[in-house]
1. In segment 84-132, with Lys and Arg counted as +1 and Asp and Glu as -1 at Cβ, which of these residues, H89, N109, S99, has the Cα nearest the positive end of the dipole, that is, farthest along it?
2. Go through A414, V244, A439 and say which Cα lies farthest out towards the positive end of the charge dipole of the chain; charges sit on Cβ, +1 for Lys and Arg, -1 for Asp and Glu.
3. According to the square roots a ≥ b ≥ c of the eigenvalues of the Cα gyration tensor, what is the shape class of segment 177-307, taking rounded for a/c under 1.5, prolate for a/b larger than b/c otherwise, and oblate for the remainder?
4. Subtracting the Cα-Cα distance from 0.36 nm times the residue separation, let me have the gained length for T157 to E479 in nm, one decimal.
5. In degrees between 0 and 90, to the nearest 10, how far off the longest principal axis of the chain does helix 67-76 point, with axes built from Cα atoms?
6. About the Cα centre, and with charges only on the beta carbon of Lys, Arg (+1) and Asp, Glu (-1), how big is the dipole of segment 206-265? Nearest 20 debye, please.
7. Heavy-atom accessible area per residue, the chain, 1.4 Å probe: how many Å²?
8. For the chain, give me every cysteine whose Cβ has no other Cys Cβ within less than 4.7 Å, ordered by residue number.
Amino acid sequence: MCGIVAGVAERNIVPILVEGLRRLEYRGYDSSGVAVLNCDTRQNDQLNNMTRGAVCQIQRQRSIGKIKNLEQKISESSEAIFGRIGIAHTRWATHGVPSENNAHPHICNEKVAVVHNGIIENYQTLKVSQLEQGYRFTSETDTEVVAHAVHFELKNTQGDLLKAVTQAVKTFEGAYALGVVSIDNPDTLIAARKGSPLVIGVGIGEYFIASDVSALLPVTQNFIFLEEGDIAKIQKNLLEIYDVNGQLVERPIKESTLSSSAVELGEHRHYMHKEIFEQPQAVMDTLEGRITHDQVLVSAFGHQAEAVFQTVQTVQIIACGTSYHSGMVAKYWIEDIIGLPCQVEVASEYRYRNPVMQNNTLFVTISQSGETADTLAALQQVKQIQKEGGGKNISTLSICNVPESSLTRESDLAFLTHAGPEIGVASTKAFTTQLVALALLMTAIGKAQQIMSAEQEKNIVIGLQKLPHLIQNALAHEEVIKEIAQTFADKESALFLGRGTMYPIAMEGALKLKEISYIHAEAYPAGELKHGPLALIDEQIPVVAIAPMDDMIEKLKSNLQEVNARGGHMVVFEDEQSGISSEKDFTVVKATTNVGRITAPITFNIPLQLLSYHVALIKGTDVDQPRNLAKSVTVE
């Protein structure tokens, strides 16, 4: 995943572009770059009179590493970079290693500059053709074929940049979000999207584009969300949007409720730490307007939700990474509490097989960003099944944190978690609010089908209302967890154990540890120890276990003693009522108390997040931007 920001402004756009990149750095941090059209190197009012044919030059600056490296390079440049129209990019490498040559923007023959998020799958074929046409390549990226293709089409369209981009994208296979400028059109920015998100920020006498609204919050609160296949022509006082069929269309302007301060660190050292501590409020925000008088409002899932839920006979959940783990927790809830079959599958596997869809299936996709490529592809696959019919009643529901995302727009029903912006690559509050959303979904289906009694519904709602307080109490154990983290300082592997709903929570804890501390970690159901993992146990592998007070607690205690007897160091996060005592090499943290089937997995996840965070601090890794990872995977 990469980040794009660009615009046509009434002022020098370079500071806006750099600030936008800083806010998008969570999307990619291998390299970054800026290119502007400088049509008057004297930087005077003649720039207000830009016309086609004006004498312009493309000024570009690129740097490997973080945005601060690009900022320093710009400030130390002997030639001032100045312009009122420009494009910028922060890169997460897909084709080609992180290097200055591979960094965007890419330029063709000093006439066309391009930034791109996505993958041009047929770039090798296009590259062969372009080499035969005489184009020279200076990078290993797929994006450079975009710049050459636009340049080639400019010659066939009498220098019309909109027509050139429209023709060029017809030759691309794959996904793209594009920002394109040309010295032949010094007043124009072209934006195009297919399979990758792109928004237009609407200012006063100026427009901007970005991969995410967070990049543009300092300059506007008003946004247009481009739809699949849209191409936009953008000038200071002109915006034209053409749909996939080339028809001029209007897209609604929506006002964002986010503030620019919502993505600031504040008093926290890292975004991950900030977002861990925002979870009590995020849960309250997600519950607001969804429950009332000890009841779940089924209509929170859409005005058609009740009719859809009444017909559901099976639930199919599709997700990736952390979202997949939330789906696994929901499977236990849905089958245990309301007795409906529920399947959970990784999107990247589901989309490449021939799944058998049952009649009256609710197809649930889960994604923080709503732009995860594999999850979107799986949804589109099911929508095709819907379209073809075959007598099967299939409904789609998305659970997502981002309004106007591709996932929410393409689903029959949508439920927005209100986690707020999540910048840290390792998901924390998005995961927690997904679990809250899935608990509400399970309850809403049970209520719509009259499977669940009013008393059961009331108990679930009361439990969810207690969650912010339970999470706050779990966060209060941070100092103890800091001390425990020291025992991981010289470790290279760790094992996480759980039973029931705690098994996917153990999987999530292992994922967090490996993501940000680079310690190899894996999770197992505690009952599976004798089937292989017990062979790994020694003093070099710490074992983290989750011990809620439930029907499985005595069996779990036996599993833990098996580890302890073989010299393994145990860290146990328990319910105060579980009755496990600390002893040598057996550290017990009484993380919570009196939690139920719904609230237990959500609450026990909190200390695992803190453990991973503090281990990463000790290891000295980049907490918010771990190596090789990006926040959301918008390409395969």
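The values are calculated or read from the model by the stated rules, or taken from the named source; none is laboratory data. Owing to the predicted nature of the structure, the values given are computational and were not obtained by experimental measurement. Using ideal geometry, Cβ is built from the backbone for each residue, glycine included, and neighbour counts are taken over all protein chains shown. To get the accessible areas, we keep the full protein, side chains included, count just its heavy atoms, and leave off ligands, DNA and RNA. Shrake-Rupley method; radii C 1.70, N 1.55, O 1.52, S 1.80 Å.
1. So the residue furthest toward the plus end is H89.
2. Checking the options against the dipole of the chain, the answer is V244.
3. On the way: a/c = 2.79, a/b = 1.54, b/c = 1.81.
Oblate, since a/c reaches 1.5 and b/c is not below a/b.
4. Details: separation 322, 0.36 × 322 = 115.92 nm, distance 6.53 nm.
Here the segment from T157 to E479 would lengthen by 109.4 nm.
5. Approximately 30 degrees, to the nearest 10.
6. Values: 4 positive and 10 negative charges, 36 e Å.
Charge dipole of segment 206-265: 180 debye, to the nearest 20.
7. On the way: 24570 Å² over 636 residues.
Here the per-residue accessible area is 39 Å².
8. Those would be C2, C108, C320, C342, C400, since no other cysteine Cβ in the chain comes under 4.7 Å of theirs.
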